[in-house]
Amino acid sequence: LVKTEDTVSDNPRTKIKKGKAKNSDLPSGALEQGQWRTSFLPSLMYWVGNSDYGWSIPENELESALEHIFNAIQPLIQTSQVCQRIHEWRAAFGSTAVSVLMAYFTSTPEYKTQEAREEYAEDQLQDCRFVYEDPDNEEQPGAFLSEYILRIFASHLSAISGKVRVDELVEFGKPGYLTALALAAAAAERALILVQSRLLIDSDPSSSVGKNHKILQTLNEATNKMSHTGTAFSSGNWETDTLAYMDSIKDLPHSRIQDILTRAEEYMKHPRHNRRS
C-alpha cells in the first residue's frame with residue numbers, strides 16, 4: 001500500500017490570505033524584467049514542492065525562504081502576493097488532476113458513459129492502483145510512475161521552470177519533490193473520488209462556462225447551504241491524505257525520483273532547458 005494510516009498533523013497551520021492581491025500591490029521595481037513571474041515564483045514553488053510542508057507552512061520557515069530568494073532575485077516582493085501564489089499553485093494540482101482524468105475519459109470510447117467512468121474510478125481507488133505504473137506487478141509495481149500521476153506532476157515542473165538556485169536553502173540540492181508528488185497523488189485520488197461519487201460530470205454542451213465538465217455542489221452542514229467546500233482541494237479536506245503520501249514518497253530511492261522526473265518532463269506544456277538542480 002502507498003498510503004499509511006491517517007494521522008493528524010501537529011504542525012500549526014498557516015492560513016492562506018484570500019484577499020485578492022494584485023501585481024499593482026507589489027513595491028516599485030518588483031516587476032522589473034519580469035523577475036516576479038519568470039524567476040521568483042518558479043524558485044518559490046520549487047522550494048515549497050521540495051519541502052516537508054504539504055498544506056501548512058510554518059510562518060518562520062516561509063519568511064526565511066522568502067528572504068533567501070529575495071536576496072537572490074528581488075528583495076521587494078510582498079508576502080501577501082507570495083501567499084496568494086502558493087495558494088494558486090496548490091489549487092492547480094486539483095484542477096489539473098480533474099482535467100487530465102476527464103480528457104482521458106473523453107478520448108477513450110469505453111468510458112463515454114457515467115457508469116463506466118464510475119466503475120473505472122472505483123477500480124483505480126482500490127489499493128491506490130492509480131499511483132502505480134503496473135499495479136498487478138507485485139515485485140515492481142512502479143509507485144508514482146503511472147501516467148496519471150506523471151501528467152499531474154508535470155504541471156509542477158512547468159510551474160518551476162525558470163527557477164534559480166538559492167544555496168542558502170538546504171532543500172535545494174536534494175530534489176525529492178516530496179510535497180509536489182504528494183499533492184499530485186492526493187489530487188488524483190480526489191478526482192477519482194469525485195467521479196465515483198457522481199460529483200464530477202460532463203457539462204451541459206449549451207453551457208457558457210467554457211469547460212466540458214463540472215463539479216457538483218454538496219450540502220455544507222455548517223451553513224446548511226449547497227457549496228463546493230466539501231469537494232474542494234483544500235487543507236481541510238486533503239492535508240491528512242497528503243501527509244500519508246509524503247510518508248511513502250520519503251522511502252523512494254533517488255533513482256526513482258530521477259525516473260519520475262525524466263518521464264514527467266515528456267508531459268510538460270512548455271519544456272525548457274536547465275529544469276533540474
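The values are calculated or read from the model by the stated rules, or taken from the named source; none is laboratory data. From a predicted model like this one, the values you see are computed outputs, not experimental measurements. Neighbour counts are summed over all protein chains in view; Cβ atoms, including those assigned to glycine, are modelled from backbone coordinates with ideal geometry.
Annotation: Arg117 fulfils all but one of (1) under 21 Å from the mean Cα position of the chain (by Cα); (2) assigned to a helix (DSSP H, G or I); (3) surrounded by 15 or more Cβ atoms within 10 Å (Cβ to Cβ); the unmet one is (1). With respect to the conditions (1) under 17 Å from Ala186 (Cβ atoms); (2) surrounded by fewer than 17 Cβ atoms within 10 Å (Cβ to Cβ), Tyr132 lacks only one, and its number is (2). With respect to (1) within 27 Å of Asn237 (Cβ to Cβ); (2) in contact (Cβ under 8 Å) with a residue 24 or more places away in the chain; (3) surrounded by 15 or more Cβ atoms within 10 Å (Cβ to Cβ), the lone exception for Thr106 is condition (3).
Taken across region 231-240, residues that are at pLDDT 90 or above, touching a Gly at 6+ places or on another chain (Cβ under 9 Å), loosely packed, with under 14 Cβ neighbours inside 10 Å and polar (S, T, N, Q) do not occur at all.
Does Arg198 qualify as being part of a loop (DSSP other than H, G, I, E, B), surrounded by fewer than 18 Cβ atoms within 10 Å (Cβ to Cβ) and in contact with an Asp or Glu (Cβ under 8 Å, 6 or more places away or on another chain)? Steps first, please.
Numbers: part of a loop (DSSP other than H, G, I, E, B): yes; surrounded by fewer than 18 Cβ atoms within 10 Å (Cβ to Cβ): yes; in contact with an Asp or Glu (Cβ under 8 Å, 6 or more places away or on another chain): yes.
So Arg198 fits the description; yes.
Assessment of region 110-127 against the conditions (in contact with a Phe, Trp or Tyr (Cβ under 9 Å, 6 or more places away or on another chain) and farther than 27 Å from His213 by Cα) yields no matching residue.
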